[in-house]
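> Take a look at the following structure, please.
Values in this text are rule-based calculations from the coordinates and carry no lab data. On a predicted model such as this, the values are computed, not experimentally measured, just so you know. Neighbour counts run over all protein chains shown; Cβ positions are idealised from the backbone, glycine included.
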Ligand code: FES
């Protein structure tokens, strides 16, 4: 072992996938992490309800960059509905895990996906997600209280 981060995290941190912007994005979401002030912006391009392309820009820590990269990989090719099921846990697991004190960084990725989809839905249907009452309330369980694994 060479530190707290998995090889996958290091890989996505040093060569993140899908970095940048999409000029013709159908949805753009920007979220900030109140815990640290880091910011993530996510762009999605949607065709026939499928996310055909996505980019991100993250001003944040290494774990935030790695999780953004993995999150964009995970939602690309998925339907909007499926992408909404991508949780911060799924992103962290796909990266081979994150140190507990960095799990909050993966929440930023989940929220950025939701914010981008929310923007897309508002533009196309006039009605966005009810983000406040999302089914992902477990977000806030990741305070460092030493509960799960
Ligand atoms: Fe801010 Fe990781 S420390 S997102």
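> Using only Cα atoms, what is the ratio of the radius of gyration of the chain to 2.2 N^0.38 Å?
0.99
> For a quick protection proxy, order the peptides 4-17, 94-107 by their average other-Cβ count within 10 Å, most packed first.
The peptides rank, most packed first, as 94-107, 4-17.
> Measure out, as a whole number of angstrom, how far apart the alpha-carbon centroids of the range 70-119 and the range 14-41 sit.
Value for the Cα centre distance between the two parts: 12 Å.
> For the range 1-73, count all C-alpha to C-alpha pairs, find those more than 17 Å apart, and express that count as a whole percent of the total.
45
> At R0 = 22 Å, how high is the FRET efficiency between residue 122 and residue 19 if r is their beta carbon distance? Nearest 0.05 is fine.
0.30
> Roughly what angle does helix 103-125 make with the longest principal axis of the chain, taking Cα atoms, 0 to 90 degrees, to the nearest 10?
For 103-125 against the chain, the angle is about 0 degrees.
> For residue 50 and residue 93, calculate 0.36 nm times their separation in residues minus their Cα-Cα distance, and state this gained length in nm to one decimal.
13.2 nm
> Can you give the calculated 222 nm mean residue ellipticity of the chain, where each DSSP H run of n ≥ 4 adds -39,500 (n - 2.57) and the sum is split over every residue, rounded to the nearest 500 deg cm²/dmol?
The per-residue figure over the chain is -11500 deg cm²/dmol.
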